[in-house]
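Colleague: Take a look at this one; I'll ask things after.
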Amino acid sequence: MEHNYYLGLDLSTQQLKGIVVDDKLKQIALEKVDFDADFPAYKTVKGVYANGKEVQAPVAMWLEALDLLFTRLGKVVDLGKLHGVSGACQQHGSVYWNTKAASTLGNLTESQSLKDQLSPAFAWDLSPNWQDHSTEQECQQFEAAVGGPDKLAEITGSKAHHRFTGPQILKVKHKMPQVYDATDRVALVSSFLASVLAGQYVDIEVSDACGMNLWDIANRQLHPQLLELFGDKEGISQKIGPINQATAAVSKVSAYFVQKYGVNPDCAVIPFTGDNPGTILSLPLQANDVIVSLGTSTTALVVTNNYVPSPLYHLFAHPVSAGSYMGMLCYCNGSLAREKVRDAVNGDNSGDWTKFNLIAQQAMEQGKVLGSNSDSECKRIGFFFPLAEIIPSVDSCQHRLTWRGDAVTHDDWPADADVLGILESQALSIRYRLTPMLTSADRHPRRVYYVGGASANPTICAALTRVLVPSGGAFRVADMSDACAFGAAAKAAHSAVGGQWEEFIAQRTDSSTFASVTVPDGSRDSADSYSEAVDLFVRSEAQCFKSD
Ligand code: ADP
Ligand code: XUL
């Protein structure tokens, strides 16, 4: 049988990636364009220009990258079989189209490059990147406009963040009024790329819109008081355009790609989303499932039906399932903090995890919880933040608390206790923050999937799993480096057949490739050894971080 193909694009900070899959989501091709290496003329460093607090990327480079990616894909795959394209792009970035854009997009000719044709269609040749943190003044205005960070988080799913698009657009209005005035449409990186593929403006997609600090999630509208900040509510609403909640195709692909690269003229463009929402589309997640990314930093993504916003994390509308959400917890201190403990117990810088794992394994086999067995009065909770932390929002610090009943002392631990201490503390913070978002009867996650560097370590994953107590098991997923491009390809393929997303992705995932996480025997005396530990964790946070 002839298979249709679907393309998922990932326009990230350093590269543009394309994955082609068939309708069973089997990978057919993967090609990449590396911005620094493929386009040295732009002189970007890791894909951006960093100048103090401002971090920006040249939009023309992305256009060149798109032409190059299609050239590369065309060499390895029959693009005539492409029936759909979607994307998952770096979040928060914005692209400023001018009044020439709509007609230029609609009249692209194959005889010239995208860059040559579209460069005159921008009011600004740069796009602020998510690493930009130059919008302090605008962030304060956003929070003040609605009554503070809690209120802004309640409305938009996040408190004000420097990188979020609303404050970034407002800064453009303040600092470059001529750019703002010349702007016909402000796109997110996702809707910008979709628009080039479609040869017409494509609306901003709802999940990615939640990274703007402008979208009122419950009332499904741009929030009027926040729009007021721009002086002209009508004007800014028109520049942003409608927010699209549809998963269906928004158009056919532009004739440019048909004529130049042989893309099937029936190839549909399906709304593009952000890279984090794209990531949750790469695994067979259901409500209450969690991805824990154990990279340099720790990120936890949860699929939830409960909208429980907090200034400490982010909530986004789900990119496919209406009425569902994605919660995102971003911690600064992840692997680096664990490495410090590892080096301390090793007494050297060998980078070997053997001793760290052995100590953790023994503690788990002995059924230790908070550093001691259940009959002991003494319980240890530590905070290991060699870098300033986001959750909670505190400067670099370290605390080791020992509780005996209600009495607490500081810093009387043996060094080895840091091993279980850091793993418990990292997991308890995730557990405490996830619980309100979970709708399962036991308020536990269904499944937990570990990804990223430290997911290679079964002992670390077991220790975290012991705290998180998922009812449906925990799994280590080997390689998620292409997850958001794959998630976008899956979104495109799903759009062609429709139906329930969870069923679609589950039927097309080979779960036998996931490694099951086994928690050592000693931990099984009770199904949830940590239920009481959460309270003590919260009290410990209050002790150490009084203002939070
Ligand atoms: P990034 O988030 O920068 O993409 P990775 O996902 O590659 O990084 O994660 C890198 C981290 O993974 C390293 O800092 C290292 O501490 C951790 N890591 C890699 N292998 C192991 C292991 N076997 N045990 C524990 N940690 C590991
Ligand atoms: C999320 C964020 C980053 C970018 C990376 O809020 O800023 O994850 O999406 O591309």
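Colleague: Pick from segment 498-532 the residues that are of a type in the set (A, V, I, L, M) and at pLDDT 95 or above: which of them is least open to solvent (accessible area, probe 1.4 Å)? Break it down into steps so the answer makes sense when it comes.
Modeller: Just the residues of segment 498-532 that are of a type in the set (A, V, I, L, M), to begin with: 505-506, 515, 517, 519, 527.
Adding the requirement that they be at pLDDT 95 or above leaves 505-506, 515, 517.
Details: 505: 1, 506: 50, 515: 37, 517: 22 Å².
Filtering first and then ranking leaves 505.
Colleague: I'm trying to understand the selection: among the residues of segment 163-183, which are outside any helix (DSSP H, G or I) and either open to solvent by less than 10 Å² (accessible area, probe 1.4 Å) or touching a helix residue (DSSP H, G or I) at 6+ places or on another chain (Cβ under 6 Å) (or both)?
Modeller: Once the filter is applied, which keeps residues that are outside any helix (DSSP H, G or I) and either open to solvent by less than 10 Å² (accessible area, probe 1.4 Å) or touching a helix residue (DSSP H, G or I) at 6+ places or on another chain (Cβ under 6 Å) (or both), segment 163-183 yields 164, 183.
Colleague: Let me ask something else about it. Would you mind telling me which numbered condition in (1) modelled with pLDDT of 95 or more; (2) farther than 21 Å from residue 367 by Cβ residue 461 fails?
Modeller: Evaluating residue 461 over (1) modelled with pLDDT of 95 or more; (2) farther than 21 Å from residue 367 by Cβ leaves (2) as the failure.
Conditions tested, residue by residue: (1) touching a residue at least 60 places away in the same chain (Cβ under 8 Å); (2) in a helix (DSSP H, G or I); (3) more than 16 Å from ligand 1 (Cβ to nearest atom).
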| residue | (1), (2), (3) |
| --- | --- |
| 88 | yes, no, yes |
| 92 | yes, no, yes |
| 108 | yes, no, yes |
| 111 | no, no, yes |
| 116 | no, yes, yes |
| 127 | yes, no, yes |
| 132 | yes, no, yes |
| 140 | no, yes, yes |
| 143 | no, yes, yes |
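Colleague: For segment 353-375, give me each residue that is open to solvent by 40 Å² or more (accessible area, probe 1.4 Å) and not acidic (Asp, Glu).
Modeller: Selection gives 353, 354, 355, 358, 361, 362, 366, 368, 373, 374.
Colleague: From the list 226, 197, 294, 283, which one is open to solvent by less than 10 Å² (accessible area, probe 1.4 Å), closer than 30 Å to residue 335 by Cα and more than 16 Å from ligand 2 (Cβ to nearest atom)?
Modeller: Sole residue among the options that is open to solvent by less than 10 Å² (accessible area, probe 1.4 Å), closer than 30 Å to residue 335 by Cα and more than 16 Å from ligand 2 (Cβ to nearest atom): 283.
Colleague: Find the residue count for segment 7-63, including only residues that are of a type in the set (A, V, I, L, M, F, W, C), over 30 Å from residue 81 (Cα atoms), part of a strand (DSSP E or B) and without any contact (Cβ under 8 Å) to a residue 60 or more places away in the chain.
Modeller: Going through segment 7-63 one residue at a time, the tally reaches 1.
Residue-wise test of (1) open to solvent by less than 10 Å² (accessible area, probe 1.4 Å); (2) of a type in the set (Gly, Ala, Ser); (3) touching a residue at least 24 places away in the same chain (Cβ under 8 Å).
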site: 423; (1), (2), (3): yes, no, yes
site: 431; (1), (2), (3): no, no, yes
site: 443; (1), (2), (3): no, no, no
site: 446; (1), (2), (3): no, no, yes
site: 450; (1), (2), (3): yes, no, yes
site: 454; (1), (2), (3): no, yes, yes
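Colleague: Further question: For segment 422-436, what are the residues that are of a type outside the set (Gly, Ala, Ser) and closer than 21 Å to residue 332 by Cβ?
Modeller: Matches in segment 422-436: 422, 423, 424, 426, 428, 430, 431, 432, 433, 434.
Colleague: Quick one: residue 419 ticks every box in (1) under 15 Å from residue 334 (Cβ atoms); (2) crowded, with 23+ Cβ neighbours inside 10 Å except a single one, so which number is it?
Modeller: Status for residue 419: all satisfied but (1).
Colleague: Please indicate, with yes or no, whether at least one residue in segment 304-327 is open to solvent by 40 Å² or more (accessible area, probe 1.4 Å) and within 16 Å of ligand 1 (Cβ to nearest atom).
Modeller: no
Colleague: Looking only at segment 83-103, which residues are over 13 Å from residue 274 (Cβ atoms) and either within 12 Å of ligand 2 (Cβ to nearest atom) or under 27 Å from the mean Cα position of the chain (by Cα) (or both)?
Modeller: 83, 84, 85, 95, 96, 97
Colleague: Let me ask another. Looking at segment 473-497 only, could you name the residues that are more than 16 Å from ligand 2 (Cβ to nearest atom) and open to solvent by 30 Å² or more (accessible area, probe 1.4 Å)?
Modeller: 475, 476, 478, 479, 495, 496, 497
Colleague: For residues in segment 145-160 being open to solvent by 30 Å² or more (accessible area, probe 1.4 Å) and assigned to a loop (DSSP other than H, G, I, E, B), which is nearest to residue 328 (Cα to Cα)?
Modeller: Applying the filter and picking the extreme gives 159.
Colleague: May I ask you to verify whether residue 59 is among the β-branched types (Val, Ile, Thr) and open to solvent by 40 Å² or more (accessible area, probe 1.4 Å)?
Modeller: So residue 59 fails the test.
Colleague: Here's something else I'd like to know. Out of all the residues in segment 74-99, which are in contact with a Gly (Cβ under 7 Å, 6 or more places away or on another chain) and surrounded by fewer than 21 Cβ atoms within 10 Å (Cβ to Cβ)?
Modeller: Listed by number, the residues that qualify are 74, 80.
Colleague: Continuing with the same structure: Among 342, 380, 338, which is the only one that is more than 16 Å from ligand 1 (Cβ to nearest atom) and under 29 Å from residue 521 (Cβ atoms)?
Modeller: 380
Colleague: In addition: How many residues does segment 462-514 contain that are within 22 Å of residue 356 (Cβ to Cβ), touching a helix residue (DSSP H, G or I) at 6+ places or on another chain (Cβ under 6 Å) and either part of a helix (DSSP H, G or I) or of a type in the set (A, V, I, L, M) (or both)?
Modeller: 6
The values are calculated or read from the model by the stated rules, or taken from the named source; none is laboratory data. Owing to the predicted nature of the structure, the values given are computational and were not obtained by experimental measurement. As a convention, Cβ positions derive from the backbone with ideal geometry for all residues, glycine included, and neighbour counts pool all protein chains shown. Accessible surface is based on the protein model in full, side chains and every heavy atom, while ligands, DNA and RNA are left aside. Shrake-Rupley method; radii C 1.70, N 1.55, O 1.52, S 1.80 Å.
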